[in-house]
Structure formats: structure tokens, C-alpha cells
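Okay, here's the structure, questions in a sec.
The values are calculated or read from the model by the stated rules, or taken from the named source; none is laboratory data. Everything numeric here is computed off the predicted structure, so don't read it as measured data. Neighbour counts are summed over all protein chains in view; Cβ atoms, including those assigned to glycine, are modelled from backbone coordinates with ideal geometry. Only protein heavy atoms, including side chains, enter the accessible area calculation; ligands, DNA and RNA are left aside. Shrake-Rupley method; radii C 1.70, N 1.55, O 1.52, S 1.80 Å.
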Amino acid sequence: MTPSGTNPDDTGHQKPAGGKGIGLSASPAWELLLPAVSAPARTRGRSLQAALREAVRSGRLAPGTRLPSSRDLAADLGVSRGLVTEAYEQLTAEGYLRSGRGAGTWVGGAVRGAPPRARDLAPRSPGAEADFVAGTPDLSLFPRAAWAAAQREVLARLPHDDLGYPDPRGLPRLRTALAELLTRRRGVVADPERIVVVSGVAQATALLGFVLHARGVREVGVEDPGSPQHAALYASAGVTTVPVPLDGEGPRVEALRESGLRAVVATPSHQFPTGIACSARRRAELLDWARSVDGLVLEDDYDGDFRYDRAPVGALQGLDPEHVAYAGSVSKSLAPGLRLGWLLVPRSLAEEVVERKRTMDLGHPILDQALFARFLERGDYDRQLRRCQRAYRERRDALVAALAEDFPGARLTGIAAGLHVIAALPARYGPEERFLARVRAAGVAVRPLSAYTHARAEPAEGDDVRLVLGYAHLSPGRIRAGVRLMAAAV
């Protein structure tokens, strides 16, 4: 092929004839078109256009490149001239090419091609030899066989009408099943009409933030130490978070009264990250405060099902459903990637929360809802919770034993529950900064309790080294090996 605007040299290669046109040399640029013209006749035109677009986007046909005439390119590719002419006209209309009467066809300068790759911004394990960062369940426990069976059944039986836009609160069948589960397992007052299916506790938090902001609330209390995500979630709704200190029984209610706040986020069944549970007295004081200011407690029951020394304590919401909004999800029991949770709201907030959910996303994906409803109805979710309970209890026991052996004098604080422990190592292993530097150099990923404090204070010389150790995602063998590695480093 001899593209327009080029002359053959004595080697048989093409070179530009002059001017600004780069010309199409015998580079492999046109190889991109060969699969396209091999496509079936009915799709050959679209394939040729797509191949030309990709050549321009990727930079293989640079801006200013002059294309062969439609006659020459058609002859070289073995297709009709009309097919090439149509492709040139379509891409010229879209801005990829430019042409002028008697001037030929050129690659336009409007395209700024992005790198042909999709980045993965999902949070990943740091790739350490031992990873004790808290918050991740064992994803290998996901019940693939039972989930697949429920999925097949749901797809076979789901009425066509259910595939339309759903009730923004969620599928009635799922809300009914959730009400039964939460009443039975967590002791909540669960009216299906006030359950909203959400994309995890994060969306539940943002929904309440928007509703509170619309009501004039500009500040929300958060436990200190506590989850670092709350500040960003409430900030997205225009609400500022105010740290509320803890003592051994839970959030300090006198601090709430002095702050003038009317809303607070709490984890009364198993505080994150300290691991304490609210005492019965503190629960009563917290609710008395909420009633006195006509306020709201957002109860984040993130791992309330996992208690290893006794039956789990019921949710705070069961004591006063009109002053407590209750949120939970399957992130710790199934997988965070499912993005599936629930929000149980007081009657006074229900309409506003539902309307905000409607405008946010028009409702949760219906197939996911129907599938989880069936999973609940068959008893599969209860079986999954029992399976996780056994595995996580075994792993916690392995961590406790390993710490006792390799870090003499270490103390564990908090209750026997959840997916993490707080380990207070004697001061001789510190100071904290040096301890963390040494274990990090040894390939151990771990976070100190101080990393979760909002009112940040540097640990003093002679203080214990207090660590938040996640264990749910590690086998007992990996737990023991990781603790030994950490001990050897310090």
C-alpha cells in the first residue's frame, strides 16, 4: 500500500512526501484494522469504525496523521470503498478525523486519549508478612454454594414486575425477613415499614447525616476513640463531628450534656476500637440524655452477633425505638463487597430518610435483595453466623495464647467479642513509635489504639504499648507465626 502523501524510498518503505502530514508509513498501525474487516459482513462497518477510533484514542494514529484515500484503503483491506467512506464520514462527524475538499482525511487534534487501563482503588492488604490490621472478616468463609443455590432459585422465580424500580425502603419480602431476624437475634423493635435496605452502614450514616442537616443539626457526636470513617461521611452531608470521650462504661454522658449536642453515634454492644460494652447504667443514662434533648442515638451494631463468652447483649434500640436509629450490615458476616445493610429508623424520621434514599439511588438492587431474603428464609444466614462464630472464637483463642507466650505481661482489655482485641503490652516494649517502626521493618502490619483517637495525643514515655489487633482474616497458624515475628522484632 502506498498511502497518499508518501513516496517509496529505495528500501521499499514509505516516507513523508513533505509538509506537516506525518503520513502512514509501513508501521503496524493498520494491523488494528485487519480483525475488523474479518468480521461478519453485517457488523464489518461498525467493527472498522471501532478499530479506527481505538487507533486514534490509543495514539497509534497521532494527531496530524494523514489517512489513505478511501479508494486506496479499501483496496488494501479488500473491502468496498463505501465501507471505508462511511467510516471516515462517521469519525469525522464525531471529531476523531478532519477532512477538506481536495485536502484528504487527517487525524484530528480533539482527542486526548486516556491510558487504556482501569485502576483498582479498592483497599488492599499491605502485603505484609503478618497483617493484624482490624476490620476484615475471613472472606474465604463466604458461602459460595448456598449463595449460588439461592441465586438460581431467585432468578427462576422472581416475578417480572419486581425488576422495575423498587420501593426505596427495600423489597417487602426482605424487610419482613430482616425484621424477624433482628427481633430474634438482636432484640430490636423491628417494624418492616421502618426498615430501609442500604448499601452498608456507610450509606446509613450518610442518609441520617443529610436528614439531620435538613433539620438544622450541624454537629454530631462520635466516640473517641472511634471509627475514623465517621468524620468524612458526616462531612459529605455538611455535618461536623465532635469527639465524645469514653470511660470504662461507654460514652461519657456528662460530656454529651455539656456539649449541647442532640445526636451521637455509638457502638454500645462492642465499642470500636476499645472493645468495651456499654454498662446497663450507661445505656439508661444515654437514653435519658436523648429524651431530654429530643435527640438521636445512631447505634452502629457492626459485629453484635459475635460474642464468645456469653450470649450477645441485645441492641440499645430495643429500649427506646423512637430515640435510637439502628444500623447493621453483612460486611462482617458475609462480605463487605456485597454492600448490603439495613437502617431501622424512628417513626419521626422515617419519611425523610426514605425520601432521601429515593433521591440518592432510587433503591437498592432488587436481585441482591431477593437473593438475601431467600438466604434468610432458608436459614442459610443463621448457619453462616454460627460458622463464623466458631471460626472467630478459635482465632481469638489462638491470638490470646500467642500473646501470653511471646509477650509476657501483656493484658487484653474489652469483652470477648468481635473481630479484634486490644492488647496492652508492658512499657518495656516501647516507646510506641519505636515499637511500630521495628515491627513494620519486620513485615508486620499493625495499628496502635492511638491511631483511632480523634483528639490525638502522643503516648507518653513509660506508657503501655496499646495495639488494636485484628484476627478474623488470619488462620490460627498465621496468627501464631505473626505474633512470633512481632516479638522477635522488638
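May I ask you to list the residues in region 321-339 that are farther than 17 Å from T267 by Cα and either assigned to a strand (DSSP E or B) or open to solvent by 10 Å² or more (accessible area, probe 1.4 Å) (or both)?
Within region 321-339, E322, A335, P336, G337, L338, R339 qualify.
Here is a further query. For region 129-178, enumerate the residues that are under 30 Å from R480 (Cα atoms) and without any contact (Cβ under 8 Å) to a residue 40 or more places away in the chain. Don't jump to the end; show me each part of the working.
First, the residues of region 129-178 that are under 30 Å from R480 (Cα atoms): 129-144.
Of everything in region 129-178, those that are under 30 Å from R480 (Cα atoms) and without any contact (Cβ under 8 Å) to a residue 40 or more places away in the chain turn out to be S140, R144.
How many residues are closer than 14 Å to A50 by Cβ and either in contact (Cβ under 8 Å) with a residue 60 or more places away in the chain or open to solvent by 50 Å² or more (accessible area, probe 1.4 Å) (or both) when one looks only at region 76-118?
So the answer is 4.
Of the conditions (1) among the hydrophobic types (A, V, I, L, M, F, W, C); (2) under 42 Å from the mean Cα position of the chain (by Cα); (3) surrounded by fewer than 15 Cβ atoms within 10 Å (Cβ to Cβ), A134 fails just one. Which one is it?
Failed condition: (3).
Say we look at region 437-456 and pick out the residues that are assigned to a helix (DSSP H, G or I) and open to solvent by less than 20 Å² (accessible area, probe 1.4 Å); which of these is farthest from A128 (Cα to Cα)?
By that ranking, first place goes to Y452.
A398: within 30 Å of G209 (Cα to Cα) and either touching a helix residue (DSSP H, G or I) at 6+ places or on another chain (Cβ under 6 Å) or crowded, with 20+ Cβ neighbours inside 10 Å (or both), yes or no?
No.
Quick one: count up the residues across region 104-149 that are at pLDDT 90 or above and basic (K, R).
1
To keep it simple, each residue is scored yes or no on (1) among the acidic types (D, E); (2) touching a Phe, Trp or Tyr at 6+ places or on another chain (Cβ under 7 Å).
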position	(1), (2)
R387	no, no
R393	no, yes
D397	yes, no
V400	no, no
P408	no, no
I415	no, no
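State whether the residues of region 221-229 include one that is more than 30 Å from Y308 (Cα to Cα), free of Cβ contacts under 8 Å to residues at least 60 places away in the same chain and open to solvent by 40 Å² or more (accessible area, probe 1.4 Å).
No, because not a single residue in region 221-229 is more than 30 Å from Y308 (Cα to Cα), free of Cβ contacts under 8 Å to residues at least 60 places away in the same chain and open to solvent by 40 Å² or more (accessible area, probe 1.4 Å).
For region 232-244, which positions are under 25 Å from I276 (Cβ atoms) and either without any contact (Cβ under 8 Å) to a residue 60 or more places away in the chain or open to solvent by less than 40 Å² (accessible area, probe 1.4 Å) (or both)?
A232, L233, Y234, T241, V242, V244
While we're on this one: Could you tell me how many of the residues in region 379-410 are in a helix (DSSP H, G or I), more than 28 Å from R186 (Cβ to Cβ) and aliphatic (A, V, I, L, M)?
Pass one, region 379-410, residues in a helix (DSSP H, G or I): 380-406.
Adding the requirement that they be more than 28 Å from R186 (Cβ to Cβ) leaves 401-406.
Checking which are aliphatic (A, V, I, L, M) leaves us with 401-404.
Adding up the residues that qualify gives 4.
Take the residues in region 289-309 that are open to solvent by less than 20 Å² (accessible area, probe 1.4 Å) and part of a loop (DSSP other than H, G, I, E, B); name whichever of them is nearest to A416 (Cα to Cα).
Step by step, filter region 289-309, then rank; the result is F306.
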